[in-house]
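I have placed the structure first, in the form of structure tokens, so that the comments after it can refer back to it.
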Amino acid sequence: MKAFALIMLIAFTATAHAASWTCSAKNMITGNYDGGSTAYIHLSPYGRGHDYPVAKRGKTVTGHTSNGTPFVCKQR
């Protein structure tokens, strides 16, 4: 019984830390943020995206791509 309780506590803790984020930017193809110091942003017409530094304030992070395009990611 103690082992089951420990497993459930670990599973709950892992789930509680997993947050879902939605990113947006002008001409964005894909945007991902996982809670770290950077967000991956891929803009059209570029062939691939890059990781860009973010400033985090509560449930919102902001940043700019290398061409100056601002982006925002918000926690759901």
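Being surrounded by 14 or more Cβ atoms within 10 Å (Cβ to Cβ) and under 11 Å from the mean Cα position of the chain (by Cα) is the filter; apply it to the stretch 63-76 and report the residue that is farthest from S24 (Cα to Cα).
If we take residues in the stretch 63-76 being surrounded by 14 or more Cβ atoms within 10 Å (Cβ to Cβ) and under 11 Å from the mean Cα position of the chain (by Cα), then Q75 is farthest from S24 (Cα to Cα).
The residue pairs whose first member lies in the stretch 9-36 and is among the β-branched types (V, I, T), whose second member is modelled with pLDDT of 95 or more and not in a strand (DSSP E or B), and whose beta carbons are closer than 7 Å, counting only pairs six or more residues apart or on different chains, are I29/S44; T30/G49. Among residues of the stretch 53-64 that are of a type in the set (F, W, Y), none has a Cβ under 7 angstrom from a residue that is surrounded by 13 or more Cβ atoms within 10 Å (Cβ to Cβ) at a sequence gap of 6+ or on a separate chain.
The values are calculated or read from the model by the stated rules, or taken from the named source; none is laboratory data. Because the structure is a prediction, the values reported are computed rather than measured. Cβ: placed from backbone, ideal geometry, glycine included. Neighbour counts: every protein chain shown.
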